[in-house]
Amino acid sequence: MDKTLRILMLEDNPCDAELVQMELKSAGFSFTEKVVMTEKDFLLALRDFFPDLILSDYDLPQYTGALALAEAKRLCPDVPFILVTGAVSDEKASEILTGGAADYVMKKDLNRLVPAVRRALAETKAGQEGGKAGEACGDQGCPEVEAGEKTERPQAEGTGCRKTEEALSRSRRIAERLAGEMAVIAEIGRLISSTLDIDEVYGRFVTETRKLIPFDRLNVYLNDPSRNAVHIAYVFGPDIPGRRPGDSFPLAGSTNEILVHRRAGLILGAGSVEGIVRRHPHRFPSFRAGMRSFMSVPLISRNDVIGALHFRAKKPDAYDNQDLRLAERIGAQIAGAIANARLFSNLKESERSLRESEMRFRAIFEQAAVGVAEIDIGTGRYLAVNRRLCELLGRTEGEMLATTFQAITHPDDRHVHEEKIAQLDAGKIGNFTLEKRYLRKDGKVIWANLTISSLWKPGEASGRNLIIVEDISERKRLDSEMREMFLRDQLTELYNRRGFINLAEHQLKSAARTKRWLQLTFADVDGLKWINDNLGHPEGDRILIDAANILRRTFRESDIIARLGGDEFAILAVNTNGYDPEAFSARLQGSIDEYYAGKPGRCRLAMSWGTAVYDPESPVSLDGLMSAADGLMYLQKRTKANRR
């Protein structure tokens, strides 16, 4: 600890006082204690002992913890007060917390004492440092302005460069953060699409969600309007009595009911204990378990609020509007998973009693928000299709019933499910899930997540399969965009080093197999550091963009052009033979001259380059080819320097 604490204990049982002290010492606290048993001694200690922390029992001879709290808040309001008692009703606990106590701990559960003490001391320290920071801000000058006055460059120019650099840095940070968010959201979408087992979805999405949003406890509460109740479907985090999986409680007065009417997420911090205890009594069990921040979002499926996703954190004010936005996006995905799991469960239940409940099955079949079909196993012909599947594939019901499963599958995907179908027909598996492409009538390709299950009773010959089709084209598009984002240089929009190496390795393997020649050129912008130092980074960025444009004009669209980093570029030209260094140099220099023609006064690009040739009869690795081109480039750069 930073210092020796002064702890005032109001306790009439010496054994209990000793147990509390042992608990704190075992956690590494260094402290001096003063134990008092009466009101008189307590008031004297408040005046003379100057405590850093007060620990008080509730029921004492001729005195109570509530009265002690009132005196403590009157005489030393900034000292944290924690109730440590053997037994107390929820009503009395609420009274203590409303009166300003930092927390309360049961003597039979002293393992909560150390976290409660640490949290109370940390909150007090944060409040004190916040006040000091405000005073310091008012007393200090602005060293950044003073430093700016001492720089040799004119202040206005320096300020403009800083603003440009700060804007570029801020844009990069935003892009990186959004890319990270998109990656996690896409991963959650993928794992949700991979299974209809909702318990598996709950268990796996928690790990991904935690990469974006901090929480100590996460709950999925589902509404049961028929019983006007809330059912706890899933819990991650510490156990809270009355809030365990499988438990139910009234919908009326709950956060779930608020979200049914609000239809948007909400955030509650622990700024007011009284607000938690009085206005939201249903949150009291969570508050008692140490939760201090609450964020909840509705789970909406087909325009109905089917439940809520609740985030709980022990840290006060843990959530902001950005967290709420992400939580609502995740909530939308979980709502879809719950709806699909319910649909799948309903369809399987309907299948088991098909003859007795044909009308109910058909209603679910037709009204489903995803594509559903029955298929003849022997021919692959569609026996029945719902409206949503016809919409997805751009065909009428008659056209669907006249075609087959294989006929509208993308040619590259027609065999992806053969092994699983064989296992399904043999009764070795009950269902399976995969992703594949369909061909719409208008020629467009859509990606779909398929769940295929047997639609026949045990003992019967297999004849039909049930297929659920979910359109995942948008998710695939986002995946492609994210991959492209990670492989591109943001400034020049060329491939970056990662993208270049991935594509070049592929081309090198293909060239070795097909006996094709390749040409790898390394190019370096001459004098970029001088331009940045003397003309500013914006001018340096413009030169790099010019270099990218010139390289695009010089090489073919099929060639791989990349900015490897800083002032270095690489170009892998495919299907080349008979490399002529002089002709190549003349062509590249001609492209530079042509680009700047008619642009007098503009800072011109100058480059050094070196080219290595890949001979399929004498193959080398990509590292070897890059090293050879790099060496030739620096040889040209040194030759230029020696001429000056």
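The values are calculated or read from the model by the stated rules, or taken from the named source; none is laboratory data. In this text the structure is predicted, and so the values were computed from the model without any measurement. Reconstructed Cβ throughout: ideal geometry from the backbone, glycine too, with neighbour counts over all protein chains shown. Note: accessible area is taken over every heavy atom of the protein model, side chains too, but ligands, DNA and RNA are not part of it. Shrake-Rupley method; radii C 1.70, N 1.55, O 1.52, S 1.80 Å.
Brief remarks on what is shown
- Looking across region 20-78, the residues that are in contact (Cβ under 8 Å) with a residue 12 or more places away in the chain, of a type in the set (Asp, Glu), more than 17 Å from Asp103 (Cβ to Cβ) and part of a helix (DSSP H, G or I) come down to Glu39, Glu71.
- Failed criterion for Ser345 (all others in (1) loosely packed, with under 14 Cβ neighbours inside 10 Å; (2) more than 37 Å from the chain's Cα centre (by Cα); (3) modelled with pLDDT under 80 hold): (2)
- Restricting region 567-593 to residues that are of a type in the set (Asp, Glu) and over 47 Å from the mean Cα position of the chain (by Cα), the residue that is modelled with the lowest pLDDT: Asp580
- Residues located in region 317-328, provided they are surrounded by fewer than 15 Cβ atoms within 10 Å (Cβ to Cβ) and part of a helix (DSSP H, G or I): Asn321, Gln322, Arg325
- Enumeration of residues in region 500-534 that are over 20 Å from Asp630 (Cα atoms), crowded, with 18+ Cβ neighbours inside 10 Å and touching a Gly at 6+ places or on another chain (Cβ under 9 Å): Ile531
- Among residues of region 198-217 that are open to solvent by 70 Å² or more (accessible area, probe 1.4 Å), those with a Cβ under 8 angstrom from a residue that is in a helix (DSSP H, G or I), sequence gap 6+ or separate chain, pair up as Arg204/Leu191; Lys211/Gly180; Lys211/Val184.
- Residue in region 49-63 that is of a type in the set (A, V, I, L, M), out of contact with any Cys (no Cβ under 6 Å at 6 or more places or on another chain), modelled with pLDDT under 90 and surrounded by 15 or more Cβ atoms within 10 Å (Cβ to Cβ) present: yes
- Count of residues meeting criterion [under 26 Å from the mean Cα position of the chain (by Cα), surrounded by 13 or more Cβ atoms within 10 Å (Cβ to Cβ) and assigned to a loop (DSSP other than H, G, I, E, B)] in region 218-242: 2
- Within region 574-606, tally of residues that are within 18 Å of Arg552 (Cβ to Cβ) and touching a Ser or Thr at 6+ places or on another chain (Cβ under 7 Å): 5
- Only listed residue being at pLDDT 90 or above, more than 18 Å from Leu518 (Cα to Cα) and either among the basic types (Lys, Arg) or surrounded by 12 or more Cβ atoms within 10 Å (Cβ to Cβ) (or both), chosen from Arg602, Arg553, Arg644, Arg563: Arg563
- Filter result for the condition that a residue is more than 34 Å from the chain's Cα centre (by Cα), under 25 Å from Ile192 (Cα atoms) and not small (Gly, Ala, Ser), over Asn431, Asn386, Asn449: Asn386
- Residue match in region 543-550 (condition: in a helix (DSSP H, G or I), open to solvent by 70 Å² or more (accessible area, probe 1.4 Å) and either in contact with a Phe, Trp or Tyr (Cβ under 8 Å, 6 or more places away or on another chain) or of a type outside the set (A, V, I, L, M, F, W, C) (or both)): no
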